[in-house]
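The values are calculated or read from the model by the stated rules, or taken from the named source; none is laboratory data. Since we're looking at a predicted model, the values are computed, not measured. Neighbour counts are summed over all protein chains in view; Cβ atoms, including those assigned to glycine, are modelled from backbone coordinates with ideal geometry. Heavy atoms of the whole protein, side chains included, go into the accessibility calculation; ligands, DNA and RNA do not. Shrake-Rupley method; radii C 1.70, N 1.55, O 1.52, S 1.80 Å.
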Amino acid sequence: MTRTDKASPAAHYAMIIDLDRCEGCGDCVVACALENNVPPPNPKATPRTGLNWLRVFRLEAAGRDVFLPMPCMQCGEETPCQSVCPQKAVELDPATGIVGQIPERCLGCRYCMAACPYQARVFNWWDPQWPAGMEQTLNPNVSVRQRGTVEKCNFCHGRWHAAIEKAAAAGGRGPVAYTPACSEACPAQAITFGDLNNSEFAALTNKPESFRLLDSLGTGPKVFYKTASTAVRAAVTGAAKDTPHA
Amino acid sequence: MLRATLIFTAGFLASLGAGWLALPKTLYRTEAQPLSFNHQVHTGDKGNMACEDCHSFRENGSFAGIPKLESCAGCHAEAMGETAAEKQFVANFVKPGREPQWKVYARQPDNAFFPHSPHVKAAKLKCEKCHGDHGKSTTLPLYQVNRISGYSLDVMGRPAGRWGLQRAGGMRMDDCVACHRQNGLSHSCLDCHK
């Protein structure tokens, strides 16, 4: 469904991850899983079959450890996962720029996983299971996915829901500001989230030290990275090219 | 031959009719509400309360829904009237401090997201538009659940509407989308799904 509405003018949410600040603590990964009801790993899961909406890789460059958090990049142009999906279960929402995965439609063929240049997508090999009592802590703003569907980061869409609900209660309409769980949890404040339609935020992404992974593919990713070190930048962009397809 | 055909046709029509009448009934199971609630006495002349007195919005913009017992206890610490319903309510719920487990007619499936605030606060829609005259009713309607899906009759798909079983409109995905279209809104799936 494309959106022709007049109620809320478009937002274009994006993220900037500061590689000079990230210390690889993994708080973002935990916060992400708790926020989005990602179940603890199944005992049979391997690194290839586990569930993660956000991964943090470790590289070495410029004589130090460099940590690279990778959520879904929310590609805005020729979105690869969307164009290959036979089920129309992937939707680029023009009102937010968020690439949504719709579990109601997904049949689990995993074309999108093969198409994703960033391997940001994961497949539910098992029905989710929570240790007794932990299901009480599930987030009611995010539904639980079942076995046989693909899922991925959607910039904490449940938090966006909460934000429009709150804005509307005050009679407000239009784009809202909110913070995804990873950005909120980061103790080093390495993750900045904002709206590219906001010129102040957009200016941050245009700085010489900021860049995107696999930019040359032309998929218009909306996750930006930044580092002052050219060696770190070269290592990170190089590593993204080399990652083997899982 | 003619007689056989007649008998067959009559029997066929009879079972078809029986099935037609019985199927909707067998599809749904009726469940009892914890007590009989009368909106009219509260919102009418006797109670003179506004909907918001009981159905309010929380600070974060979410809708508080059906009020908790604490908002009833102020008036109902002791029975004020003579009705059996009220005496029962005071004896079985207020005195022991037991929360009535109301069944929600409009309850959506877990994967659907419905916010009251854009509808009630921003678009200024009346409650009746979606809930019918529940706010003026004197008795509770039957609460019927689909035996297969476990959803209330009001959120089931087309068939319930076709059989005239639906009480009010506005709770099914088709109804949501129909009104949004009328208002020139069109949404992506994830706007209403989570």
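Details
- Under a 5 Å amide H cut-off, with hydrogens placed 1.01 Å from N, B:His193 pairs with B:Phe113 among residues at least 5 apart or on other chains.
- In this calculation the C-beta distance from A:Cys109 to B:Ser56 is compared with R0 = 56 Å, giving a FRET efficiency of 0.75.
- Under the Karplus curve 6.51 cos²θ - 1.76 cosθ + 1.60, θ = phi - 60°, whole-Hz ³J(HN,Hα) for the range A:87-103, x wherever Gly or Pro sits: 10, 6, 8, 10, 9, 8, 7, x, 7, 10, x, 7, 8, x, 9, 10, x
- The angle between the Cα long axis of helix B:173-182 and the longest principal axis of the Cα atoms of chain B comes to about 70 degrees, rounded to the nearest 10.
- Projecting the Cα positions of B:Gly150, B:His42, B:Phe113 onto the charge dipole of the protein assembly as shown (unit charges on Cβ atoms of Lys, Arg, Asp and Glu, taken about the Cα centre) puts B:Gly150 furthest along the positive direction.
- Buried solvent-accessible surface, both chains (B, A), 1.4 Å probe, Å² to nearest 100: 2300 Å²
- Signed unit charges on C-beta, dipole axis of the range B:1-86, positive-most listed residue B:Ala4, B:Leu69, B:Ala32: B:Ala4
- Accessible area (Å², 1.4 Å probe, nearest 10) - A:Leu107: 100 Å²
- For chain B, the longest principal axis of the Cα atoms and the long axis of helix B:2-27 meet at an angle of about 20 degrees.
- In a simple Cβ point-charge model (Lys, Arg +1; Asp, Glu -1; nothing else charged), the protein assembly as shown has a dipole of about 1240 debye relative to its Cα centre.
- Unit charges on C-beta of K, R, D, E only; dipole of the range A:13-242, Debye: 440 debye
- Cysteine residues of chain A whose C-beta has no other cysteine C-beta under 4.7 angstrom: A:Cys22, A:Cys25, A:Cys32, A:Cys75, A:Cys85, A:Cys106, A:Cys109, A:Cys116, A:Cys156, A:Cys186.
- Counting only other chain Cβ atoms within 10 Å of each residue's Cβ, the peptide A:168-177 averages 4.
- Contact order for chain A, expressed relative to its length and based on alpha carbon pairs under 8 Å spaced 6+ residues apart, stands at 31 percent.
- Ratio Rg/Rh, restricted to chain A and using Cα atoms, in which Rh is the Kirkwood radius: 0.94
- With protein chains left intact and a 1.4 Å probe, residues in the protein assembly as shown average 56 Å² of accessible area per residue.
- Computed from label points 7 Å out along Cα-Cβ, the spacing between B:Met49 and B:Ser15 is 5.3 nm.
- Separation of the B:Thr139 and A:Gln146 label points, Cα + 7 Å toward Cβ, nm: 3.8 nm
- Of A:Lys88/A:Lys152; A:Lys152/A:Lys226; B:Lys46/B:Lys136; A:Lys166/B:Lys124; B:Lys103/B:Lys124; B:Lys126/B:Lys194, those spanning more than 18 Å from alpha-carbon to alpha-carbon: A:Lys152/A:Lys226; B:Lys103/B:Lys124; B:Lys126/B:Lys194
- Charge context of A:Pro39, other residues only, Cβ under 14 angstrom, K/R +1, D/E -1: -1
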